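In what follows, a structure is listed as structure tokens, so that the remarks can point back to it.
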Amino acid sequence: MEPIMIHKVLSNETRRDILEWLKNPEKHFGDLYHTPPNGDRTKGVCVGDIQAKAGLAQSVISNYLLSMQKAGLLLSERVGQWTYYRRNEEVIQQFCDELKKNL
């Protein structure tokens, strides 16, 4: 975990929104978000659904998701033609603990 990278990622409102949305996908995306063919919603939310909710170009959202993944905040999984993103709760908790310890 690199706290500086995470701070940079969290400096953007849309990226913070994405983390919030992924914390409770059913609430923020409803029951209609795309699920993998096997119906396993634990894999996360597909890029297209995140892009539609954010209302930004797919290239912008893809860059946001990639930076969030590089910072360790998100995990991704490719299923067929779709990529699904979910929160990396372990890293988020480590970051929060680090903030509490040092601030």
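The values are calculated or read from the model by the stated rules, or taken from the named source; none is laboratory data. These figures come from a predicted structure and were not determined experimentally. Cβ: placed from backbone, ideal geometry, glycine included. Neighbour counts: every protein chain shown. The protein model used for the area step is the full one, side chains on, heavy atoms only, and it has no ligands, DNA or RNA in it. Shrake-Rupley method; radii C 1.70, N 1.55, O 1.52, S 1.80 Å.
Here the extension length gained between LYS70 and TRP82 equals 2.4 nm, from 0.36 nm per residue of separation less the Cα-Cα distance. Taking 7 Å steps out from each Cα toward its Cβ at ASP40 and GLU26 produces label points 1.9 nm apart. Net charge of the neighbourhood of LYS43, taken over other residues with C-beta under 11 Å away and scored Lys/Arg +1, Asp/Glu -1, is +1. Rounded to the nearest 0.05, the FRET efficiency derived from the C-beta distance between GLU89 and HIS7 at R0 = 25 Å is 0.85. log₁₀ I(q)/I(0) of the chain at q = 0.15, 0.16, 0.19, 0.23 Å⁻¹, via Debye over equal Cα point scatterers, no solvent, to two decimals? After summing over all Cα pairs, the log10 values are -0.59, -0.67, -0.92, -1.28.
Working note: 222 nm ellipticity from helices only, DSSP H runs with n ≥ 4, each -39,500 (n - 2.57), summed and divided by the residues of the chain, gives -16500 deg cm²/dmol to the nearest 500. Per residue, the accessible area of region 25-99 comes to 55 Å², computed with a 1.4 Å probe over protein heavy atoms only. Here region 1-45 exposes an accessible surface that is 49 percent carbon and sulfur, computed with a 1.4 Å probe and the other protein chains kept in place. Under 5 Å between amide hydrogens, built in the peptide plane, is the criterion, and for ASN88 it picks out LEU74, LEU75 among residues at least 5 positions away or on other chains.
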